[in-house]
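Working notes, structure below.
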Amino acid sequence: MVRVTRKTAFALALGAVTMLGACKKSDDAADTTVAAADTSMSAGAGSSTSMNAAAAAPAPVTDAGILATLAAANQGEIDAGKLAESKATSASVKSFAHDMVVAHTAMLKSGDALAKKLNITPDAAAADSINAMNQSTGAALSAAAKGSAFDSAYVNAQVAGHQYVLDMIKRDEGAAQNAELKSALTAAEPKVQAHLDRIKAIQGKMM
């Protein structure tokens, strides 16, 4: 079996799904830091205190942001799964990919319906980083040779990605303001955990 390097697996994992509000939190913190640094350079020396304060105060996660990042995460899983359905050669990997397309399509539709029901317009800007990572992952998987190399790349990315998403769901449960959105996140937890357990088992057999 051809194994991907740790660097490649990590890069793919970043794009895998990604994923929820934490991506936006991190980006907001980074953007704030850059903005503060620019202000500091314009104003001259002596602005380091305000720069540090700005960097320590990332923008809060909103329900609109959570809904947008959830949608982007689900779409990323659907796209990667469809690609794996055609390029994977392992029967277990192809089966997993197919089930991810089905499961995340249902989750995407459910999220869209919830947003409409709550009359919340998803904050598209909150999903910019996830969409970029989805594109990066798609490009990397498209470039991977069909067969064991692709299977390894997809599986490694899915393991890391689902763990990441699971952690983000747990964090966003505490940040969500709307009770129904909070319940939806709670309901999604065991589903993502089941996906993670399954792909870990597949990964274990490939080693």
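At 7 Å along the Cα-to-beta-carbon direction for both Lys116 and Lys170, put a label point, then send me their distance in nm to one decimal.
Placing both labels 7 Å along Cα→Cβ, they lie 3.4 nm apart.
With N set to the residue count of segment 77-120, report its C-alpha Rg divided by 2.2 N^0.38 Å to two decimal places.
With N residues counted in segment 77-120, Rg over 2.2 N^0.38 Å equals 1.44.
When the Kirkwood radius is taken over all Cα pairs of segment 75-207, what Stokes-Einstein diffusion coefficient follows at 37 °C and 0.692 mPa s, in µm²/s?
210
Could you give the nm distance between label points at Ala139 and Ser183, where each point is 7 Å from its Cα heading toward the beta carbon?
4.2
Using a simple spin-label model with points 7 Å from Cα along the Cα→Cβ vector, what separation in nm is obtained for Thr89 and Lys191?
Between Thr89 and Lys191, the simple spin-label model gives 3.3 nm.
Of the peptides 166-179, 121-134, how do they stack up when ordered by the mean number of other Cβ atoms within 10 Å, highest first?
Output ranking for 166-179, 121-134: 121-134, 166-179.
With a cut-off of 8 Å between alpha carbons and a minimum separation of six or more residues, what is the relative contact order of segment 94-196 in percent?
With pairs under 8 Å counted, the relative contact order is 20 percent.
Throughout, read-outs are computed from the coordinates displayed, never taken from laboratory work. Because the structure is a prediction, the values reported are computed rather than measured. Please note: Cβ atoms are built from the backbone with ideal geometry, for glycine as well, and neighbour counts cover all protein chains shown.
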